[in-house]
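To start, the structure itself, in structure tokens.
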Amino acid sequence: MTPSFYYYLILGLIIANFIFEKYISMLNAGYFTKKVPELLKDIYNKEEYESSQSYKKTNYNFGIFTSTFSFIVILLFIIFGGFSLVDGLARSITQQPIAISLLFFGILGLANEIITLPFAYYQTFYIESSFGFNKSTKATFWLDKIKGLLLGIVLGGLILGAINWFYIQTTSHFWIYAWGLITGFSLLMNMFYAQFIVPIFNKQTPLEVGELKDAITTFATSVGFSIENIYVIDGSKRSTKANAYFSGFGSQKRITLYDTLINDLSNDEIVAVLAHEIGHYKKKHIIYNMLLSTLLTGLTFYILSLFIGTDTIAMALGVEKASFHIGLVAFGFLYAPISEVTGILMHLFSRKFEYQADNFAKKYCSNISLISALKTLSKKSLSNLTPHPWYVFVHYSHPTLLERINNLKKPAV
Ligand SMILES: [Zn+2]
């Protein structure tokens, strides 16, 4: 293969992906005005439904604008040799290969951050604000950005630096070490996310003794699930949207409830949501997910190792000689269709797991409480009640609200 073959392949893949994504979103937008299914009619009143319709349309138009903008920027960047320019810039500052790569990604990352910043600002303070979701102050927004950037530089820099070092030391075998590193890192992240990462952005306080705590503990004990750590997080500091999640393993495992969830749902509904989460644990979904993503990571690194040292691919991006960072970028473009497919497969598994967790909640807790909780959460986030099936197939990690309610209404087995 010649460099120009890869050059046109990369451009073609970017264009194909853009057209595919726009087409799917367009189909989905065509469903916005579809009749609301009978089972979901009691979620919104007329006024609220109009508001949800306008929220969907606003987000759709904004998505078209931002994705078209980044599509054009990326195409122009490749066509006008942007990667070779940044590569040259990094090389003019240092000769140390790992430092060159880190600088290269640092410059690209910073440029990306600066370009996307106005969009993030607009989304938070214009779109989310005008629909009453946003609670972030300007100070919170900027602090989040700065903290996120610093965290990205430290963690991203350490990981990229280490993988690059493996590459320099072992060339074609580097993928095994990189695989081990990423697996170890995600295991650590899973265990200690709540202790080390969350506190950078949020305040967590143990759930106070009272009816809710009793209800949760009673239910957990009844299904043989021991949980000592139940925390409330100040999600209301940024948004009115509500959430709850589990994290960690073994003695580190904990439930985190958004304060917004406690305000919006009754105790029975909260217990039903947690019953669903405990269902994920009991059905070993956490372990399956980790295994699956570990396998995928290994496969990805292995394929990367076949590409990364090839000069042809570097030349496709306008750079004369292969290097770790140019190989990684070119691979990122070429691998996109495969990761699109694996993403769809992961969503397929995820939707299956969601049904299983719902079934667990239905069997051991209450389908009525879970249904009303899902309806309230859906209403509070102005969610789309009539998504297009193709859009669901490609992008949804959860079944649609209608599918979940239909399943929850069936008798428990
Ligand atoms: Zn779930």
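The values are calculated or read from the model by the stated rules, or taken from the named source; none is laboratory data. Here the structure is a predicted model, which means the values were calculated and not measured. Counting neighbours? That spans all protein chains shown, and the Cβs are built from the backbone with ideal geometry, glycine included. The accessibility values were calculated without ligands, DNA or RNA, using every heavy atom of the protein model including side chains. Shrake-Rupley method; radii C 1.70, N 1.55, O 1.52, S 1.80 Å.
For the reader, a short list of remarks on this structure follows.
- Residues in the stretch 251-292 that are open to solvent by 50 Å² or more (accessible area, probe 1.4 Å), in a helix (DSSP H, G or I) and small (Gly, Ala, Ser): 251 alone.
- Residue satisfying all of: in the stretch 236-250; part of a strand (DSSP E or B) and surrounded by fewer than 19 Cβ atoms within 10 Å (Cβ to Cβ); modelled with the highest pLDDT among these: 239
- Complete set of residues in the stretch 207-216 that are surrounded by 15 or more Cβ atoms within 10 Å (Cβ to Cβ) and part of a helix (DSSP H, G or I): 212, 215, 216
- Looking across the stretch 266-296, not a single residue is more than 15 Å from the ligand (Cβ to nearest atom), acidic (Asp, Glu) and within 19 Å of the chain's Cα centre (by Cα).
- Exclusive hit being touching a helix residue (DSSP H, G or I) at 6+ places or on another chain (Cβ under 9 Å) and in contact (Cβ under 8 Å) with a residue 40 or more places away in the chain, set 65, 119: 119
- Filtered residues of the stretch 369-401 (kept if away from the ligand (no atom under 16 Å from the Cβ), more than 24 Å from residue 240 (Cβ to Cβ) and touching a residue at least 40 places away in the same chain (Cβ under 8 Å)): 388, 390, 391, 393, 394
- The listed residues are 88, 156, 180, 161, and the only one of them that is open to solvent by 40 Å² or more (accessible area, probe 1.4 Å) and either in a helix (DSSP H, G or I) or more than 22 Å from residue 63 (Cα to Cα) (or both) turns out to be 180.
- Of residues in the stretch 219-235 being small (Gly, Ala, Ser) and open to solvent by less than 50 Å² (accessible area, probe 1.4 Å), the one modelled with the highest pLDDT: 220
- Considering the stretch 350-368, the residues that are out of contact with any Leu (no Cβ under 6 Å at 6 or more places or on another chain) and either more than 12 Å from the ligand (Cβ to nearest atom) or of a type in the set (Val, Ile, Thr) (or both) include one that is least open to solvent (accessible area, probe 1.4 Å), namely 366.
- Considering residues of the stretch 193-250 that are of a type in the set (Asp, Glu) and within 30 Å of residue 382 (Cβ to Cβ) only, the residue farthest from the chain's Cα centre (by Cα): 211
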